[in-house]
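Please treat every number below as a calculation from the coordinates, not as lab data. The structure presented is a predicted model; accordingly, all values stated were derived computationally and were not measured. Cβ atoms come from the backbone with ideal geometry, glycine included; neighbour counts cover every protein chain shown.
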Amino acid sequence: MALIVQKYGGTSVGDVERIKVVAQRIKENVDAGNDVVVVVSARSGVTNQLIERAKALNSMPNEREMDMLLAVGEQETIALVAMALHSLGVKAVSRTGAQAGIITDFNHTRARIIEVTGGDIKKQLASGNVVIVAGFQGIDPDGHVSTLGRGGSDLSAMALAGALKADICQIFTDVDGIYTADPRIVKSARKIEVMDYDELLEMASSGSKVMQARSVEFARKYNVVFEVRSSFNNNSGTIVKAEVPTLEGLVVSGVAVDKNQTKVTITGIPDKPGSVAEIFEDLGASGIGVDMIVQNIGRAGMANLTFTVAKDDASKAEKILQNTCSKMGAEVSLTGDIAKVSVVGIGMRSNSGVAATFFSALAQKNINVQLITTSEIKICVAINLDKADEAACALHTAFGLDK
Ligand code: ADP
Ligand code: ASP
Ligand code: MG
């Protein structure tokens, strides 16, 4: 008998028929004698619809109210899954994030988990119930509902698996596992059998939305071994754990595309110590992350600065930057027509020539590079949005990843 945490994403619980299939799978695990905790997302599309409705009423909705709204999506699913299980004769109870003791900080819409008590989950399991927990949500220390950032149900699952010391954490989604690139963009992508936390973390933080980056970070920190697999079939998935030996000769393990980025350019910054710090301090204080920072010294003691922010943060960032920049006489402009394309691989640490392969693959397709960042195991560029898929395919081929 094992304690299993299973997470079902939006497509997996997309409608009533899908929920029946999921309930059946949960029942099989219960019938095999396991204790099962289930974490669910909102039905696919629901969170986006809620965001659209909010934005139709207010372009910069209050973040506490936003969390109150967004938490609704997951709450619908937990009740429906519980009802579907009851119809199959399986004992089940639903719990909100708050009831499951997912305590977060006050950073609404992108809250961080500070503690997971588990609420009465252990007690419910002991009395023979399946416990179905709303993903993506928690509660702040003042008792207000909070959410964990887009894709945050992955994090809820990891946090519960860690806190309950689960034997297995399974992430059920709409693909068979983690591939060398998004299989919807790169048709020749291959499924990876076993993967290291570090590699997946780089892929996830480079925009591969198959797993939320923070959930992978959490799993690595608390050593939660997990499997990513499909809820649409019984194929084995991808196992993610620590220290997976890299195959000799494999330099790059994956290609990631992020189409949810906005490029920010600030011109006319006084070229003196402290100006750039002021710009980033104001953004940082609002919880907005920046990436791909490039500074150029312009004319007459002025500097120009370019960087990227997540599209979701763009209007908030613009408002903050306009305020900071008007004080220093600088100008801000934003453009959303970019994408980040990255190659990731632990093998890059010990191989030379990776940059040459990367940039010549793009040059052969006549793709212009706007910004570049690198880490020990990643090269990332910002390019025109409409070239993103072509660039991903070209890099996938150039690094020998095609099947
Ligand atoms: P869920 O709703 O189950 O959380 P997501 O839509 O968040 O599912 O993530 C699954 C999607 O991630 C897939 O449908 C696929 O298009 C995309 N994806 C991006 N990169 C990859 C990758 N490297 N491997 C597999 N899927 C990927
Ligand atoms: N429903 C949330 C979202 O769409 C969380 C999740 O699905 O993981 O981002
Ligand atoms: Mg997801």
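Structure summary
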| read-out | value |
| --- | --- |
| Residue pairs, from the table K122/K259; K55/K221; K187/K263; K241/K316, whose Cα atoms sit over 31 Å apart | K122/K259; K55/K221; K241/K316 |
| Under-5 Å amide H pairs with F226, H placed in peptide plane, nonlocal only | V240 |
| Modelled FRET efficiency - R0 30 Å, K311 with S352, Cβ distances, 0.05 increments | 0.30 |
| Distance between modelled label sites at V276 and E193, nm, 7 Å Cα→Cβ extension | 4.6 nm |
| Rounded to whole Hz, the Karplus (6.51, -1.76, 1.60) HN-Hα couplings of region 84-89, x for glycine and proline | 5, 5, 4, 4, 8, x |
| Amide hydrogen neighbours beyond the local backbone of A92, cut-off 5 Å, H modeled | V130 |
| FRET efficiency estimate (nearest 0.05) - Cβ-Cβ, D15 to R64, R0 41 angstrom | 0.85 |
| Nearest 10 degrees, 0 to 90: helix 354-364 Cα axis against the chain principal axis | 80 degrees |
| Fully extended contour minus Cα-Cα distance, from A56 to N323, at 0.36 nm per residue | 93.7 nm |
| Cβ-Cβ FRET estimate between I297 and L385, R0 fixed at 25 Å, reported to 0.05 | 0.30 |
| Amide H contacts under 5 Å for G14, placed H, 5+ residues apart | S44 |
| Lys, Arg +1 and Asp, Glu -1 on Cβ, resulting dipole of the chain about Cα centre, debye, nearest 20 | 380 debye |
| Karplus 3J(HN,Hα) series, Hz, for region 252-268 with 6.51 cos²θ - 1.76 cosθ + 1.60 (x for Gly, Pro) | 10, 9, x, 10, 10, 10, 10, 9, 9, 10, 10, 8, 10, 10, 10, 10, x |
| Size-normalised alpha-carbon gyration radius of the chain, reference 2.2 N^0.38 Å | 1.04 |
| Region 126-200 versus region 57-109: alpha-carbon centroid distance in Å | 15 Å |
